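Please read the structure below before turning to the comments.
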Amino acid sequence: MCCSWPLLPALVLSSVLSMVTVQTAPCQTCRKLAESFIKGLERTANKNFGGGNTAWEEEKLAKYARSETRLLEIVETACEKSDFECNKLLEQIEDQVETWWFHRQQEAPDLSEWLCIEELRLCCPPGRFGSECAECPLGPGGVCGGLGRCEGEGTRFGDGECVCDPGYSGPLCQNCADGYYREKSSNHTQPPCSACYRSCKKCTGPQDYKCLDCKPGWILHNNKCVDVDECKERVIACPGLNEACINEEGSFRCECAQGFIRRDSICVENLLPSDPEKGLFDDMTDDEVLVLQQMFFGVVICALATLAAKGDMVFTAIFIGGVAAMAGYWLSEKGDRMLDGILKGR
């Protein structure tokens with residue numbers, strides 16, 4: 001191209017990025033980009049110029065098919081704006097995209113294969129894995145016996161080991177995994193593996209009486225797996241202080257004994273918070289407090305008046321009378337309220 005891609009303002013093109021950086025981009029991103037690019041080709045394949053002249057349109061379409069204008073239109077929508085990895089990869093492989101567009105389309109129509117596998121070396125063909133695209137393990141049914149997947153298949157990563165489907169195990173997924181058994185088959189094909197009864201680790205059939213070995217928490221008895229009561233065990237199942245053992249099928253759990261709660265991984269007594277002791281005047285009403293205050297000030301005034309008259313006997317009599325009156329009022333009022341509460345059942 002004679003100039004940069006002006007229709008991609010979000011992509012800051014850098015000429016210093018090397019192929020070493022590109023090789024670290026994931027295969028999935030490259031395949032997604034190639035797929036989006038092909039969709040852009042399909043979307044712009046029959047673009048109508050709207051000129052009304054058929055011959056003129058055919059001539060324009062022929063030029064447009066391999067034009068820089070069409071390339072820019074496809075590239076502009078190849079990645080979503082929010083897809084950082086796609087935009088980053090597209091920014092790095094500008095030269096490769098241009099090469100394929102102007103020079104390699106005819107001989108390499110599969111953009112994903114040419115770009116992601118051959119040019120950028122980010123992916124491998126199906127059935128291959130790793131930096132050199134080594135062949136995945138093969139069995140009678142294909143890769144991993146057709147019963148699993150090859151770790152790293154289709155990418156430049158992974159170790160090629162078989163990751164088996166549920167129920168299968170072994171290097172080529174040809175064995176039944178724990179908890180599964182091989183069904184019987186009338187033909188010569190290898191029958192599938194099916195699940196044992198839920199408590200069986202190994203079995204000869206799906207029924208609970210066809211167990212050969214049991215899962216943890218169960219014990220084999222007459223070809224059946226019987227639940228082990230871990231709470232009758234010789235070794236205390238719940239060694240924590242104040243803990244109770246609760247048996248479950250194939251397992252058990254430890255809970256705090258009645259009257260205890262768990263705090264900081266230990267069981268402590270669940271004590272109810274005690275009410276603080278009440279003071280002498282805690283239950284007084286506002287009216288009672290007001291009367292008490294008035295009586296107190298009255299006594300003080302009487303005492304001061306008595307002192308002014310310098311009559312010691314008179315002062316003593318008035319003081320004692322005031323205090324007695326105050327206490328008698330308070331006690332009588334409290335007594336009446338208490339008696340009323342008892343009679344009403346409160």
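Odds and ends about this structure:
- Based on Cα contacts under 8 Å between residues 6+ apart, the range 178-257 shows a relative contact order of 18 percent.
- Whole-percent carbon and sulfur share, accessible surface of the range 62-148, 1.4 Å: 48 percent
- Taking GluC sites (Glu not before Pro) across the range 129-217, the ones in a DSSP loop with at most 11 further Cβ atoms lying within 10 angstrom of their Cβ are 132.
- Heavy-atom accessible surface of the range 54-146, averaged per residue, reaches 54 Å², computed with a 1.4 Å probe.
The values are calculated or read from the model by the stated rules, or taken from the named source; none is laboratory data. Predicted, not measured: the structure shown is a model, and the values here were computed from it. Cβ: placed from backbone, ideal geometry, glycine included. Neighbour counts: every protein chain shown. The accessibility values were calculated without ligands, DNA or RNA, using every heavy atom of the protein model including side chains. Shrake-Rupley method; radii C 1.70, N 1.55, O 1.52, S 1.80 Å.
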